[in-house]
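The values are calculated or read from the model by the stated rules, or taken from the named source; none is laboratory data. Nothing here was measured: the structure is a model prediction, and the numbers come from that model. All Cβ positions, glycine included, derive from the backbone under ideal geometry; neighbour counts span all protein chains shown.
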Amino acid sequence: MERRSFVKKTSLSAAGLLTSSALVKKGKKDAVEFLNPLNRVPVSFIIDDSTALVNLAYYGIPQFQEVFPDRYKQDWRSLPQEIPDSFVLKFLEWCDAHGVKGKYSMVPYPACTGWLNRFIPGWTKKELDDSIAIIRDLAQPNWDIHSEMISHTRVIDTKTGLPFPQATPAFMENWEWSQEKSADELGEYIAYSLQILKDAGLHCDGVTTPGGFATRNIPNLAKGTQYAVKEVYGGQIAHFFRNLYTEPGKSVQPEIFHAKDLGTKDASCSVHIIGCTGDWFGGWDGLTPGDPDKFITPDLSKGRMVEVIESGEPAIMVCHWPGIYYNGEELGFNIFKTVVDRLHQRYDHLTWMKLSEIARYWAAKEHTEVQVTQDKNAVFTASFATKKFTVRLPYLCNHPVLSVGDKKVDLELVGSINELESNRWYVDNDHTIVCFDLEQGKSIILEA
């Protein structure tokens, strides 16, 4: 399903907890299995259409109306022009207190109002700088920052920095312009957006696509993102958010594209992060009230998040910032708080992760080889490093040690699988589950 309404179609008891032991899947007796990080289910929160100060719905809707006058009839003049930093701070404080991590867009030239690295008319330079500082200093530790292309509305001529004059689908970021562009053309455009954020002091490992951007051109989008992230920031694992799927049974596993130079220090790839929910918070325009029960019902037994979490795949919710603020009523934010509270009531085996952390972990899972020697040493050869790499060995260990180069680390035995952290291990019947920080190159789990 494609995102947004303006793109084509965007059992336990209530008191019970589903423990992480449910994730220990029994595979082939002699196979090493790569598990989820900490043997938990990754969860994350994607925030689209956010930026500094500007309410993208207020400034974006009239531009969409110009292109599709019969489809965008919202009373945009009734919306606030600004989403204040006081709300950003309130939101981030609550998320920090509840361990929430995710992705926060910073549209570089929001709806063509002004530039984050220069100025935005209607706000002072100090107000803009202070707003960006909140994201840089308070959000970035737990949130990936993304560009959402350049304007999220009109396509920008990167040679002049001006919007193309045509107000048609062919020159809107959300629709047709990107569908037949080459990877180089998309990469140049994405790099332009990232450079603005870099000049504003923000770090990015990935990008978000506005609306239907490149929905029919994903391989080139993946390669263009890979090029742009490396060109602007030097990153080797780029990621992008393009699609979300809400259909039961459809996989939402991250997709790895264009892995190259594997087995070398220059290994790189591009990872497509897939959302698993619609915006059932407050809509992209801040005018569409949502429903927490679509994510997880009050009795904690049903809902889209329950379906995905129980599959063991990353459960990534999707929202739009104007709908979280909901014109000062904070309806979307209150729905989100209800959803998080319900998830934490039901499950004790979730791990909140940034999209870049999920991308890196899945890239490592996909491109790590393992061999078990006759004396039961597990030798991992990884093209990508990742934290909290968790594996299930098809035999019992007595005293496992992590060996990387000349360094050896004794691993700590824990009595509960929920106590797993890096450099710890757990006995699972006649198997061993080990968690460690996987480094690029060789890592060995051996008996002391």
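Computed values, structure above
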{"read-out": "Scope region 322-364; condition under 15 Å from the mean Cα position of the chain (by Cα) and either in a helix (DSSP H, G or I) or at pLDDT below 95 (or both); matching residues", "value": "Leu355, Ser356, Glu357, Ile358, Ala359, Arg360, Tyr361, Trp362, Ala363"}
{"read-out": "Scan of region 109-123 for residues that are part of a loop (DSSP other than H, G, I, E, B), farther than 30 Å from Pro42 by Cβ and of a type outside the set (Phe, Trp, Tyr), ordered by number", "value": "Thr113, Gly114, Asn117, Arg118, Ile120, Pro121, Gly122"}
{"read-out": "Cβ-Cβ under 7 Å pairs, at least 6 apart or on other chains, region 93-119 side more than 30 Å from Thr351 (Cα to Cα), far side surrounded by fewer than 22 Cβ atoms within 10 Å (Cβ to Cβ) and polar (S, T, N, Q)", "value": "Ala111/Gln63"}
{"read-out": "Pair list, Cβ < 8 Å and 6+ apart or interchain, from region 138-166 residues that are in a loop (DSSP other than H, G, I, E, B) to residues that are surrounded by fewer than 17 Cβ atoms within 10 Å (Cβ to Cβ)", "value": "Gln140/His203; Asn142/Asp96; Val155/Phe164; Thr158/Glu188; Phe164/Asp157"}
{"read-out": "Of all residues making up region 121-137, the number that are closer than 21 Å to Gly161 by Cα, surrounded by 12 or more Cβ atoms within 10 Å (Cβ to Cβ) and in contact with a Phe, Trp or Tyr (Cβ under 9 Å, 6 or more places away or on another chain)", "value": "1"}
{"read-out": "Residue satisfying all of: in region 190-212; assigned to a loop (DSSP other than H, G, I, E, B) and within 17 Å of the chain's Cα centre (by Cα); farthest from Phe240 (Cα to Cα) among these", "value": "Leu202"}
{"read-out": "Single residue of region 77-108 satisfying the filter (crowded, with 20+ Cβ neighbours inside 10 Å and in a helix (DSSP H, G or I)) that is nearest to the chain's Cα centre (by Cα)", "value": "Cys95"}
{"read-out": "In region 406-433, the residues that are on the phi > 0 side of the Ramachandran plot and modelled with pLDDT of 95 or more", "value": "Asn423"}
{"read-out": "Among (1) closer than 30 Å to His344 by Cβ; (2) crowded, with 16+ Cβ neighbours inside 10 Å, the one test that Ile218 misses", "value": "(1)"}
{"read-out": "Residues (small (Gly, Ala, Ser), touching a strand residue (DSSP E or B) at 6+ places or on another chain (Cβ under 7 Å) and assigned to a helix (DSSP H, G or I)) located in region 216-246", "value": "Ala222"}
{"read-out": "Selection from region 434-448 of residues that are farther than 20 Å from Ala385 by Cβ and touching a strand residue (DSSP E or B) at 6+ places or on another chain (Cβ under 6 Å)", "value": "Ala448"}
{"read-out": "Residues of region 389-440 classified as under 25 Å from Pro42 (Cα atoms) and either hydrophobic (A, V, I, L, M, F, W, C) or touching a Gly at 6+ places or on another chain (Cβ under 9 Å) (or both), total", "value": "20"}
{"read-out": "Output for region 365-377, where each listed residue is in contact with a strand residue (DSSP E or B) (Cβ under 9 Å, 6 or more places away or on another chain) and not in a helix (DSSP H, G or I)", "value": "His367, Thr368, Glu369, Val370, Gln371, Val372, Thr373, Asp375, Lys376, Asn377"}
{"read-out": "Any hit, region 366-377, residues being within 13 Å of Glu33 (Cα to Cα) and in contact with a Leu (Cβ under 9 Å, 6 or more places away or on another chain)", "value": "yes"}
{"read-out": "Thr277 vs. criteria part of a loop (DSSP other than H, G, I, E, B), crowded, with 21+ Cβ neighbours inside 10 Å and β-branched (Val, Ile, Thr)", "value": "yes"}
{"read-out": "Answer from Val308, Val252, Val318 - the residue that is part of a helix (DSSP H, G or I) and either under 20 Å from the mean Cα position of the chain (by Cα) or within 29 Å of Lys365 (Cβ to Cβ) (or both)", "value": "Val308"}
